[in-house]
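**Q** After the structure tokens below, expect a handful of questions from me.
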Amino acid sequence: MNKTCWGVILAAGQGKRLSTATGGREKQFLRYQGAPLWWRSVLALSASPRIHGLALVFPPDKKTEAEAEMRSLKKANPPGVPLVAVSGGVRRQDSVRLGLAALPRDCAFVLIHDSARPFVSTALVSRLALALDDTDGGVIPGVAVSDTIKEVNASGAVARTPERSSLRAVQTPQAFPLELLRAAHARAEAEGWEVTDDASLMERCGHTVRVIEGDMENIKITHPQDLALLSEAKPALPCCGYGYDVHAYGGDRPLILGGVTIGGPFLVRAHSDGDVLLHALMDALLGCFGAGDIGRLFPDSDARFEGISSVILLDRVLSLAAEAGVRLVHADLTVIAQKPRLAPHAETIRRNVARLLDLPLDRVSFKATTEEHLGFTGELRGLKAVTLVTALR
Ligand code: CTP
Ligand code: MG
């Protein structure tokens, strides 16, 4: 028995209910996962071994453009079945009829699918195609409704309340024997029937259509609030930045750490204000997004940075980080100095850095340590700072 089955993917609508929200763009052409929305259905349907080819129905005036995009997407990610582009019609049922006309002679079954349902699963496609074996008139997916449904008359009065347990909200793909569906569409044309899905035509022709379990996720992008489902929030990547800086004593700048003036006898040699802690912190921040270091950003050959407060430089670095999409999470700061004793200033420095970074206090840590009289800090020739920042990008 010939079981050749094609899919018809409808992408010829105007998306009027969404046009204000999309700026007039037809919803099937919105970008989703790096391709137009209709491509998502191509991938889902073609991945089923039961599908042997796909006809894509586009608006007549956009067909050439869409077909070119189809070819390039196909080249980059071959769906493994033939794809045919067709011009659609004014009403959905016209687009279906035109799609059916484009199917090959040996095709026996067809699945009609709305490209506005991008979340269709390959499993559902295969379930439908498989169920065609035990049906005469067609198989469609449906889900139980959670709202009570009323039938109302033109003035809004309730005419009838159908028993909810017998109701199903039906979706696409809808699967049919091709010749029966073609005949149903021909009859609809001849008799002027207007329908919103293909199963309705088959029902009117007296065929039995069976409903199988659909998918709750297989929703149709219809109203502006559905667009949120297409927004792809990219997961933030954690990143760390490390900073290290040294300043020699014996200069003319009073000691400043983390924007806090410590003062005292140890004067620092520097071009800017010589805040070794903020310098190491800025380098750590720049390290989070590969932006080089403060030497490159604020060269000491530039007179503009002579004696400048490092708080101003930090502000600039924070703006660059924000522009690069970096969101600071935590900072761990250590100053290494034999003298002066920093413990009395530790909490003030920590609070000030938290304020400068606009972080809650419990996400900033400050430590001071010595090198036990060893090395250049031990010999009171200078001091250094190391910092580690964590951020999300
Ligand atoms: N469709 C089509 N040809 C038409 C009308 C609709 O191919 N003449 C397609 C749409 O592209 C959509 C599917 O049929 O994938 C379901 O239709 P619907 O959700 O109503 O989409 P639109 O008609 O585009 O939207 P609207 O009714 O809001 O204008
Ligand atoms: Mg419509």
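**Q** What is the list of residues in region 1-29 whose amide nitrogen lies under 18 Å from a point 7 angstrom out from the Cα of D61, following Cα to Cβ?
**A** From region 1-29, the list is 11-20, 22-29.
**Q** Between beta-carbons, use under 13 Å as the cut-off and find the net charge around G243, counting Lys and Arg +1, Asp and Glu -1.
**A** Charge balance near G243 sits at -4.
**Q** Another question, if that's okay. Return the inverse of the average 1/r over all pairs of distinct C-alpha atoms in region 4-230, which is the Kirkwood hydrodynamic radius, in Å to one decimal.
**A** Evaluated over region 4-230, this radius sits at 18.1 Å.
**Q** Here's another thing I want to ask about it. At what distance in angstrom do the alpha carbon centres of region 224-270 and region 330-393 lie from each other?
**A** Their Cα centres are 12 Å away from one another.
**Q** Averaging over every viewing direction, what projected area does the convex hull of the Cα atoms of region 238-392 cover, in nm²?
**A** Over all viewing directions, region 238-392 projects a mean Cα-hull area of 8.4 nm².
**Q** Obtain the nm distance between the two label points defined at T22 and S72 by a simple spin-label model: each point lies 7 Å from its Cα along the Cα-to-C-beta direction.
**A** It works out to 2.0 nm between the two label points.
**Q** Mind checking Rg over Rh on the chain, alpha carbons, Kirkwood formula for Rh?
**A** 1.28
**Q** Assuming a strict under-21 Å limit between Cα atoms, what lysine pair count do you get for the chain once near-sequence pairs (fewer than 8 apart, same chain) are dropped?
**A** Lysine pairs meeting both conditions in the chain amount to 15.
**Q** Find how many whole Å separate the alpha carbon centroid of region 163-212 from the alpha carbon centroid of region 26-62.
**A** The two parts, judged by their Cα centres, are 22 Å apart.
**Q** Here is a follow-up. I'd like the trypsin sites (Lys or Arg not before Pro) in region 1-110 restricted to DSSP loop residues with at most 15 other Cβ atoms within 10 Å, sorted by number.
**A** Here the trypsin sites (Lys or Arg not before Pro) that fit, given the DSSP loop and packing criteria, are K3, R25, R91, R105.
**Q** What's the longest bit of the chain with no exposed GluC sites (Glu not before Pro), using DSSP loop states and at most 16 other Cβ atoms within 10 Å as the test?
**A** Longest site-free region, per DSSP loop and neighbour criteria: 1-162.
**Q** Label points 7 Å out from Cα along the Cβ direction at K234 and R363: separation in nm?
**A** With each label placed 7 Å out from Cα toward Cβ, I get 2.0 nm.
**Q** Another question, then. Applying the Karplus parametrisation 6.51 cos²θ - 1.76 cosθ + 1.60 with θ = phi - 60° to the phi angles of region 382-387, what ³J(HN,Hα) value in whole Hz is obtained for each residue in order, glycine and proline being reported as x?
**A** Computed from phi, the couplings for region 382-387 are x, 9, 9, 9, 10, 9 Hz.
**Q** I've got another one for you. Based on the Kirkwood radius over alpha-carbon pairs, what value in µm²/s does the Stokes-Einstein equation return for the translational diffusion coefficient of region 191-299 at 25 °C and 0.890 mPa s?
**A** 119
Bear in mind these aren't lab numbers, they're just calculated from the coordinates by the rules spelled out. Computed from a predicted structure; not experimentally measured. For neighbour counting, all protein chains shown are included, and Cβ atoms are generated from backbone atoms with ideal geometry for every residue, glycine included.
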